[in-house]
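Taking it in order: structure first as structure tokens, then the write-up.
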Amino acid sequence: MERNEAFLTQIACLHGHFSNISLITDAFAFVETELVHYVDPGLLLQTEGKNTMTAEQSHGKLLDQLTWMQANHPDAIVITCTQYAACITDEDEAASPSPIFTIDRPFFHEIAYRVEPQILLFSNPATVTPTMDRLRSHALAWGVDPKIEVHVMEGAFALLMENKQEAYREAVYNELVRLSEVNSDMPVSVAQLSMAPVANQFTQKTGIPVSHPLLHLVSELIQKLHLEKKEESIGQTL
């Protein structure tokens, strides 16, 4: 793939579902960068039943994707799928010629340092164990012990995989409403990128903040990759 004439910082994005493309594109709309999107739902489609991948097979699939992406020599790689992110190892990151950013690492930092008990909402059951394992590992390294109550929406993620996005978002929104009524004293965060627009909508309508992985990803990349805002966006906030 040819690099464009402006020599913009190129960020290769690995998605597990095509709907994440627009979310990332919108989030980086005000930044001087070139986004190149790679979509492979294979790992998401092989997490249940007889086709379930072993950890080794899942890791091998991730390495295949990284090799594919690195062939175009991006300046950085962003993994937006939590299942792919859960497969990456420190050795993978050290061996990569391009820095690798996962959607949830800056998000982990936010919720790990939260003192009060909190709720973390998942729509994809297959991501719960690997995500929580990674979160606990980071928290241990940072010397903190967050009190997290995990809630899983059974059946919701199937709607997204069937391209029933409106039904999926409605289900997520309704669950946020339910949690805010039943656990009004506990802050809520959503674990998947696909839930981010609903979290923003819920916050705008209710005034109740809901954290999500996209909130801090852009600022982290701007800082670490020294990205600049587009001229028409100067003066605007993130």
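The values are calculated or read from the model by the stated rules, or taken from the named source; none is laboratory data. In this text the structure is predicted, and so the values were computed from the model without any measurement. Glycine gets a Cβ as well: all are built from the backbone with ideal geometry, and neighbour counts include every protein chain shown. Just so you know, the surface numbers come from the protein's heavy atoms only, side chains and all, with ligands and any DNA or RNA stripped out. Shrake-Rupley method; radii C 1.70, N 1.55, O 1.52, S 1.80 Å.
Details
- Available extension along the chain between E220 and D185 is 9.7 nm, counting 0.36 nm per residue and deducting the alpha carbon span.
- Close amide-amide hydrogen proximity is noted between K229 and E32, each under 5 Å apart and 5 or more residues distant or on a separate chain (H modeled in the peptide plane; Pro and chain starts excluded).
- By accessible area with a 1.4 Å probe, ligands and nucleic acids excluded, highest first: order of M195, M186: M186, M195
- Local net charge near L227, Cβ-Cβ under 12 Å (Lys/Arg +1, Asp/Glu -1): -2
- Ellipsoid fit via the Cα gyration tensor, region 8-138: semi-axes of 23, 20, 15 Å, each the root of five times an eigenvalue, largest first.
- Calculated FRET value between Q204 and Q70, using beta carbons and R₀ = 22 Å, to 0.05: 0.05
- The order of H59, H15 by accessible area, most exposed first and with a 1.4 Å probe, is H59, H15.
- Label selected from [x] 268; [y] 139; [z] 108, the criterion being volume of the Cα convex hull per residue in Å³ as computed here: [y]
- Extreme residue, positive dipole direction of region 152-221, given options A156, L215, M186 (C-beta unit charges): L215
- Between K230 and M161, the FRET efficiency from the beta-carbon distance, with R0 = 45 Å, is close to 0.85.
- Accessible-area value, H37, 1.4 Å probe, nucleic acids and ligands omitted, Å²: 60
- Heavy-atom accessible area order for D64, D40, D145, largest first, 1.4 Å probe: D145, D64, D40
- Kyte-Doolittle mean at least -1.0 and Cα axial length at least 24 Å: DSSP H helices in the chain: 165-182
- Straight-distance crosslink candidates among aspartates and glutamates, where the alpha carbon sits under 19 Å from K230 and sequence neighbours closer than 8 are dropped: E5, D26, E32, E34, D75, E220
- Accessible area of E220 in the full protein assembly, 1.4 Å probe (Å², nearest 10): 30
- Separation of region 88-135 from region 153-186 is 21 Å, based on Cα centroids.
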